[in-house]
Amino acid sequence: MIAALSMTLGLAVPSAHAQNLDAASSEALAATLEMLTDPSQRAGAIAGNSDARAVDQKIRSLTGSDQLTEELYGLAAQIFEDLGRSQGGDVGKMLDALEQGQQDPAAFAAMLGPATLARLRELATKISDQRK
């Protein structure tokens with residue numbers, strides 16, 4: 001999941017959601033969230049970035065199905081939005097949080113809202129069940 005968010009930041013790097021976003025930052029966030037949730041836009045962004053292609057392949061290998069892949073990207077968008085809120089829309093802080101999340105997933109999860117955590121648990125269970 002953290003890899004998918006890193007890929008997203010590498011593709012778009014907007015200033016993320018915060019209370020006082022200017023119009024350009026709001027548009028950048030909306031474009032990033034749309035890219036994550038729209039398979040055709042995402043495919044275009046992935047096609048132009050070899051690192052993103054590698055991450056996408058890992059995600060597809062992890063999920064084992066197109067449906068779960070789409071669910072994972074939808075969850076990534078929700079996490080991205082939560083992360084933007086918790087980091088005040090500061091892209092540098094968001095990148096730092098992602099890096100720290102690789103070392104301490106529990107601390108990263110603490111930045112997420114309850115609905116996002118519930119969705120994360122549900123998707124993790126689906127992926128685990130798929131792999132059995």
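The values are calculated or read from the model by the stated rules, or taken from the named source; none is laboratory data. If you're wondering where the values come from, they're calculated on a predicted model, not measured in any experiment. Areas reflect the complete protein model, heavy atoms only, side chains present, ligands, DNA and RNA absent. Shrake-Rupley method; radii C 1.70, N 1.55, O 1.52, S 1.80 Å.
For the stretch 38-107, taking Cα atoms only, Rg and Dmax work out to 13.3, 34 Å respectively.
Note on exposure: Arg85, Arg121, Arg42 ranked by accessible area (1.4 Å probe, complete protein assembly) read Arg121, Arg85, Arg42, with the most exposed listed first. Multiplying the residue separation of Gln57 and Gln130 by 0.36 nm and subtracting their alpha-carbon distance yields 24.6 nm.
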